[in-house]
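The next block holds one structure in the form of structure tokens; read it before the comments.
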Amino acid sequence: MSASTLAFRNILVEKRGAVTVLSVNRPEKLNAIDRATLVEISEALHAFAADPAQGALVLTGAGPKAFVAGADISELAPLGPSSAEDTSRFGQGVVDQLERSTKPVIAAINGFALGGGCELALGCHIRLASENAVMGLPEVKLGIIPGYGGTQRLPRLVGQGRALELILSARNVKADEAERIGLVNRVVPQDQLLDEAVKLAETILRNGPIAIEAAIESVVRVMSLPLGEGLRFESGRFGMRAATADMHEGMSAFLEKRPAKFERR
């Protein structure tokens, strides 16, 4: 697979065909994220969104030990109320970029995904974990709460009771439990994790790109709406797809028993 690589200071961005691989690259700090790293992630996500040749993104951590071990505590410790709220809002904004991407975003969780790292993973559409993955929101041990969206997204994935247990106890979960409770989609061997995530992205990208975008919107963007409003949103997007050439090509290909040739129009 051919790959071209672009480097920032704290992240690596690699293009594998139509799949962008974004790796947090601070191995000396177990890939803990500070403000500068979040800025770079945000910039890379903007570039990914604007690149028509890139159809999916895999988010991971450099090295074998950590996806992202959390926020950089040395940066958080001196914050006062106003600056802490600003830090929370900024981090939430970056995680929102992941979640609101209309292109698929897959987390490849290798090792520790704690605190802000777990929250980054929660913002991804799909989560694959290596066998050595450890996930958790341990913020209450530090006298704070999750600030990058963890209190909102974790209950939506695992239910209110489980989410409160994990947040209030600050208990970490290993990969097998994370899969059992729905925190990750599946667990794969560590040496196969990134390839499996890229392979999944490529599988998704063989489908109609306009339909993929509409499906993500229908699932992600209406999670906070009442069911009736969400159903109306889904119907609207379903109807809009009927005006696309891709829909007619997909239907024709199925009936003619041939691969579809989508043109994103």
Of everything in the stretch 174-205 that's in a loop (DSSP other than H, G, I, E, B) and within 22 Å of Gly115 (Cα to Cα), which residue is most open to solvent (accessible area, probe 1.4 Å)?
Asn185
What is the number of the single condition among (1) open to solvent by less than 50 Å² (accessible area, probe 1.4 Å); (2) under 20 Å from Leu157 (Cβ atoms) that Phe112 does not meet?
(1)
Of everything in the stretch 164-217, what is of a type in the set (Gly, Ala, Ser) and more than 21 Å from Leu98 (Cα to Cα)? Give them in sequence order.
Ser169, Ala170, Ala175
Spot the failing condition for Leu98; the list is (1) open to solvent by less than 10 Å² (accessible area, probe 1.4 Å); (2) in a loop (DSSP other than H, G, I, E, B), and only one is missed.
(2)
Considering each of Arg206, Arg153, Arg186, Arg162 in turn, give the residue that is among the charged types (D, E, K, R) and under 20 Å from Val95 (Cα atoms).
Arg153
Of the listed residues (Arg171, Arg153), the one being in contact with an Asp or Glu (Cβ under 8 Å, 6 or more places away or on another chain), under 20 Å from Gly111 (Cα atoms) and either assigned to a loop (DSSP other than H, G, I, E, B) or free of Cβ contacts under 8 Å to residues at least 60 places away in the same chain (or both) is Arg171
Of everything in the stretch 59-86, what is outside any loop (DSSP other than H, G, I, E, B), touching a helix residue (DSSP H, G or I) at 6+ places or on another chain (Cβ under 8 Å) and either open to solvent by 20 Å² or more (accessible area, probe 1.4 Å) or farther than 28 Å from Pro104 by Cβ (or both)? Give them in sequence order.
Ala71, Ile73, Glu75, Leu76, Ala84
Would you mind stating whether Leu225 is closer than 28 Å to Ala107 by Cα, part of a helix (DSSP H, G or I), out of contact with any Cys (no Cβ under 6 Å at 6 or more places or on another chain) and at pLDDT below 85?
no
Answer yes or no: is there a residue in the stretch 206-221 that is outside any loop (DSSP other than H, G, I, E, B), closer than 20 Å to Leu59 by Cβ and open to solvent by 60 Å² or more (accessible area, probe 1.4 Å).
yes
Got at least one residue in the stretch 122-137 being in a helix (DSSP H, G or I), under 23 Å from Ala56 (Cα atoms) and out of contact with any Ser or Thr (no Cβ under 6 Å at 6 or more places or on another chain)?
yes
Tally of residues being surrounded by fewer than 15 Cβ atoms within 10 Å (Cβ to Cβ) and either at pLDDT 75 or above or assigned to a helix (DSSP H, G or I) (or both) across the stretch 234-248:
7
With the condition kept exactly as written, say whether any residue in the stretch 249-265 is at pLDDT 70 or above, open to solvent by 30 Å² or more (accessible area, probe 1.4 Å), part of a loop (DSSP other than H, G, I, E, B) and of a type in the set (Gly, Ala, Ser).
yes
Set Leu168, Leu157: member being within 28 Å of Ala62 (Cβ to Cβ) and either modelled with pLDDT of 95 or more or not β-branched (Val, Ile, Thr) (or both)
Leu157
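If you go through the stretch 48-58, how many residues are open to solvent by 60 Å² or more (accessible area, probe 1.4 Å) and free of Cβ contacts under 8 Å to residues at least 40 places away in the same chain?
Residues flagged as open to solvent by 60 Å² or more (accessible area, probe 1.4 Å) and free of Cβ contacts under 8 Å to residues at least 40 places away in the same chain within the stretch 48-58 amount to 3.
The values are calculated or read from the model by the stated rules, or taken from the named source; none is laboratory data. No experiment lies behind these values; they were computed from the predicted model shown. Methodologically, a virtual Cβ is constructed for each residue, glycine included, from the backbone with ideal geometry; neighbour enumeration extends over all protein chains shown. In case anyone asks, the SASA skips ligands and DNA or RNA and just uses the protein heavy atoms, side chains included. Shrake-Rupley method; radii C 1.70, N 1.55, O 1.52, S 1.80 Å.
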